[in-house]
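Scroll down for the structure; my scribbles are underneath it.
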Amino acid sequence: MKLNPPSKAASALSLCMVLLLGTAIFAQQATTPDSSNDSVTAKRVCAMVSRFHISGKPINDETSAKLMKRFIKQLDPQKLYFYQSDIDRFKAEQNQLDEKLTAGDVRFAYDCFNLYLQRLQERMDYAQQLVDVDHDFTVDESIVVDAKDLDFVKNQTEMNERWRKRVKYDLLALILDDKKIGEAREQLHKRYRNNLRTMTQTENPEKLEMYLSALTHCFDPHSSYMSPQTLEDFRISMELSLDGIGAALRSEDGYTTVAEIVPGGAADADGRLKAGDKIIAVAQEDGDFVDVVEMKLSKVVRYIRGKRGTIVQLRVKKEKDSTTDVYKLTRKKIELSTSEVKGKIIESGERIPGQTGRIGVISIPSFYRDFRGAQRGDENFKSTARDVRKVLNDFRDQGGVDGIVIDLRFNGGGALSEAIEVSGLFVDEGPVVQVKQMDGERKIHSDVEPGAVYTGPLVVVCNRLSASASEIFAGVIKDYKRGIIIGDTTTHGKGTVQNVMPVRKNAFSFLGGQQDLGALKLTIQQFYRVNGDSTQNRGVRSDVILPSLIDNMDLGESFLDDAMEFDKIDVAQFAPVGMVNQQILNPLQQSSAKRIVANKEFKETQKEIDKYLEKKNQKTISLNEAARRKELTKDKEEKKEEEKKDTKADKDIFKKDHYNDEILNITVDYVNLLKSMNTVQR
């Protein structure tokens, strides 16, 4: 079992992240605290949570205790940094944080974070020494991998012993990955230096965001405070466009490295910047260069971001020959096409011998909508429903299809309005989703457009990470008996609606000219299927279940702290179309089960599941090299085989593998069953 990373804070701010460069709300954030802004932000967030959160719960001593526990866990989830005496010191304020926050006092967040940085520095200094110690990998000892089984250490002796095992574990993991001991030590030295540098460069808006989000998470897992920077990233993800140079970046050993050039962007048009190049300095227009080596990636991004039509200069160390050059690039609008709806037609007989039928596949990665573009009246604003309609029209223009597969795997949701509009493309007018307000009032959202764009056989594929808007769509298709659901046992189980509310200095957000203090993404409603069931916690269950590793992981709303409970409301008046019944589902389930049992690759999937479940229950991991090699040898051989398959796999939206082929088999069977039923009825 893989040991968890040292800190969720470090993970959230990881240097391995890849960011697309787009317009920021502001050029640079202050590097010193602005206590007046922090105070106003905290007061406004507390007031908004108390007034608008659907639970109606107050911010009180119970919230305060939860907040303290959450914030400490966010900083030190593996109990590697804080001492028990630190925790005891924090607990002196355990029942005071609610009153302090509502009064605008956030000093606890900064005091706690500063002590975390102090402890991090101490641990990294000690870890650097331990890296060069000769560890004995023949000793039979182990390391505890589940922090729930650990207490915070009482003294430095206990802390040093915990870190001795941690460093030994990290070194052994690299050695088992075929690294020589010298190479492993060098890599570990870099890792610890990078970890320290990343966290010490955490800016005050990020600290405040972590603290206020820890507060909102005490009410439910999906409410959060977004700093102005995070808010802009959220807008980009919804609008699928940005202004920038069009490069994905990552941080490697203190350098900002180009991971990928985005097609259609400024860097792509210029042609000089290449993947692998290192950006070592940045300047605006004809301004002075700022050295960005050893600078945190998110800060480098802010220097490079800017409005379309403006110029940015990059001093670049080229990968091919290590020479340095300066590139002047004019920022432009970039469409994030990799995240938009895509479709393709598959001739099933070409993929699966003996099958016939044209199956259209539509991949929907998220339910995006450019709200600002829609409000401006832009003719071509980005919208999931618009893009799905285009794909359906393309299928028609290419001669039509016998059935359609909607792929919602890993689709975490998006705009409620888009889920409603996309549903309306496949069902006739009628209720789509019910929403319950904070006061208990029920509102029904309906598709008001007569008719449907596509009325043929429909299959929806989901997994444990299909959430929110995805579950609304899957629920509509299931309740209307419009099509079948395939995939994991159930979906994520997120049945709540969040609204993004600007945080302003003045309570009246319509007043112009105010400083942007970020936004609050707050759970203000619950949504329900037309049959009255909430998707909360339980999700939307599949009609035909396919074995997968994800389905056995602790993923979903039911595994999250402070998640809201499942409940029901009245059924909405709707008319099912009757394209699914038990006479159809029984043979589909039976035929699929027979194929899965006989399929060699599904047998391997089951072995992976069994192995995962065995490791999942492990409380410790051996630090004995011989024992670990015995465990890992077979895993490495299997991993190499998987990598070979992945290299050969299609890079399209619906690659050829045993799982997708079974989806096609079920879809073709479903199409044929509907045809035979229609023939009998005639």
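If you take the residues in segment 514-524 that are buried (at least 18 other Cβ atoms within 10 Å of the Cβ) and touching a Lys or Arg at 6+ places or on another chain (Cβ under 9 Å), which one is nearest to P221 (Cα to Cα)?
L520
With the checklist (1) over 30 Å from E631 (Cα atoms); (2) out of contact with any helix residue (DSSP H, G or I) (no Cβ under 8 Å at 6 or more places or on another chain) in hand, flag the one item K190 doesn't pass.
For K190, the failing item is (1).
Looking at segment 539-567, which of its residues are of a type in the set (D, E, K, R) and at pLDDT 95 or above?
R541, D543, D551 - these are the residues of segment 539-567 that are of a type in the set (D, E, K, R) and at pLDDT 95 or above.
Going by the conditions given, is S548 in contact with a Cys (Cβ under 9 Å, 6 or more places away or on another chain), under 19 Å from G487 (Cβ atoms), assigned by TED's automatic domain parsing to the domain that holds S446 and not in a helix (DSSP H, G or I)?
Spelling it out, it is not the case that S548 is in contact with a Cys (Cβ under 9 Å, 6 or more places away or on another chain), under 19 Å from G487 (Cβ atoms), assigned by TED's automatic domain parsing to the domain that holds S446 and not in a helix (DSSP H, G or I).
Being over 22 Å from I663 (Cβ atoms) and aliphatic (A, V, I, L, M) is the requirement here; does I404 meet it?
Values: over 22 Å from I663 (Cβ atoms): no; aliphatic (A, V, I, L, M): yes.
Considered against the rule, which asks whether it is over 22 Å from I663 (Cβ atoms) and aliphatic (A, V, I, L, M), I404 comes out as no.
State which residue is nearest to E662 (Cα to Cα) when the search covers only segment 551-569 and only residues that are part of a loop (DSSP other than H, G, I, E, B) and among the small types (G, A, S). Outline the logic, then answer.
Of the residues in segment 551-569, the ones part of a loop (DSSP other than H, G, I, E, B) are 553-556, 560-567, 569.
Those left that are additionally among the small types (G, A, S): 556, 563.
Working: G556: 24, A563: 34 Å.
The qualifying residue nearest to E662 (Cα to Cα) is G556.
Mind counting the residues in segment 87-121 that are free of Cβ contacts under 8 Å to residues at least 12 places away in the same chain and closer than 30 Å to K619 by Cα?
Number of matching residues: 3.
One residue is enough: does segment 461-473 have a residue meeting the conditions part of a helix (DSSP H, G or I), within 23 Å of I359 (Cβ to Cβ) and not basic (K, R)?
Yes, the conditions are met somewhere in segment 461-473.
Confirm whether T647 is assigned to a helix (DSSP H, G or I), of a type outside the set (D, E, K, R) and modelled with pLDDT under 55.
Against the criterion (assigned to a helix (DSSP H, G or I), of a type outside the set (D, E, K, R) and modelled with pLDDT under 55), T647 qualifies.
Return the only residue of Q74, Q96, Q28, Q84 being surrounded by 15 or more Cβ atoms within 10 Å (Cβ to Cβ) and either modelled with pLDDT of 95 or more or not aromatic (F, W, Y) (or both).
Within the list Q74, Q96, Q28, Q84, the selection yields Q74.
Against the condition of a type outside the set (V, I, T) and touching a helix residue (DSSP H, G or I) at 6+ places or on another chain (Cβ under 7 Å), how does K332 come out, does it pass?
yes
Could you run through segment 99-114 and say how many residues are assigned to a helix (DSSP H, G or I) and either under 29 Å from the mean Cα position of the chain (by Cα) or at pLDDT below 95 (or both)?
So the count comes out to 7.
Could you check S592 against (1) small (G, A, S); (2) in a loop (DSSP other than H, G, I, E, B); (3) within 30 Å of Q355 (Cα to Cα) and say which number it fails?
(2)
Against the definition (touching a Pro at 6+ places or on another chain (Cβ under 8 Å) and either part of a strand (DSSP E or B) or not assigned by TED's automatic domain parsing to the domain that holds T535 (or both)), how does I404 come out, yes or no?
yes
Being touching an Asp or Glu at 6+ places or on another chain (Cβ under 6 Å) and within 30 Å of A563 (Cα to Cα) is the requirement here; does Y211 meet it? Spell out the reasoning first.
Numbers: touching an Asp or Glu at 6+ places or on another chain (Cβ under 6 Å): no; within 30 Å of A563 (Cα to Cα): yes.
Taking the combined requirement at face value, the residue does not satisfy it.
Kindly establish whether K190 is in the same structural domain as L101 (by TED's automatic domain parsing), in contact with an Asp or Glu (Cβ under 7 Å, 6 or more places away or on another chain), at pLDDT below 95 and surrounded by fewer than 21 Cβ atoms within 10 Å (Cβ to Cβ). Spell out how you get there, then give the answer.
Numbers: in the same structural domain as L101 (by TED's automatic domain parsing): yes; in contact with an Asp or Glu (Cβ under 7 Å, 6 or more places away or on another chain): yes; at pLDDT below 95: yes; surrounded by fewer than 21 Cβ atoms within 10 Å (Cβ to Cβ): yes.
Answer is yes for this residue.
Restricting to segment 256-309, what's the tally of residues that are surrounded by 21 or more Cβ atoms within 10 Å (Cβ to Cβ) and aromatic (F, W, Y)?
Residues in segment 256-309 being surrounded by 21 or more Cβ atoms within 10 Å (Cβ to Cβ) and aromatic (F, W, Y): 1 in total.
Quick check: anything in segment 589-612 touching a residue at least 12 places away in the same chain (Cβ under 8 Å), among the small types (G, A, S) and in the same structural domain as V459 (by TED's automatic domain parsing)?
Checking segment 589-612: at least one residue is touching a residue at least 12 places away in the same chain (Cβ under 8 Å), among the small types (G, A, S) and in the same structural domain as V459 (by TED's automatic domain parsing).
When you check N537 against the structure, is it surrounded by fewer than 19 Cβ atoms within 10 Å (Cβ to Cβ) and either in the same structural domain as L176 (by TED's automatic domain parsing) or of a type outside the set (A, V, I, L, M) (or both), yes or no?
Taking the combined requirement at face value, the residue does not satisfy it.
Among the residues of segment 345-353, are any in contact (Cβ under 8 Å) with a residue 40 or more places away in the chain, more than 25 Å from N463 (Cα to Cα) and either surrounded by fewer than 21 Cβ atoms within 10 Å (Cβ to Cβ) or touching a Cys at 6+ places or on another chain (Cβ under 6 Å) (or both)? Outline the logic, then answer.
Here is the first cut: in segment 345-353, the residues in contact (Cβ under 8 Å) with a residue 40 or more places away in the chain are 345-346, 348, 351-352.
Filter again for more than 25 Å from N463 (Cα to Cα), leaving none.
Looking for residues that are in contact (Cβ under 8 Å) with a residue 40 or more places away in the chain, more than 25 Å from N463 (Cα to Cα) and either surrounded by fewer than 21 Cβ atoms within 10 Å (Cβ to Cβ) or touching a Cys at 6+ places or on another chain (Cβ under 6 Å) (or both), one finds none in segment 345-353, hence no.
I need the full set of residues from segment 560-605 which are farther than 19 Å from I486 by Cα and among the polar types (S, T, N, Q), in order please.
Once the filter is applied, which keeps residues that are farther than 19 Å from I486 by Cα and among the polar types (S, T, N, Q), segment 560-605 yields only Q573.
Condition first: outside any helix (DSSP H, G or I) and more than 28 Å from I404 (Cα to Cα). Now tell me which residues in segment 358-378 satisfy that.
Result: G377, D378.
The values are calculated or read from the model by the stated rules, or taken from the named source; none is laboratory data. Since this is a predicted model, take the numbers as computed values, not measurements. All Cβ positions, even for glycine, are placed from backbone atoms using ideal geometry, and neighbour counts span all protein chains on display.
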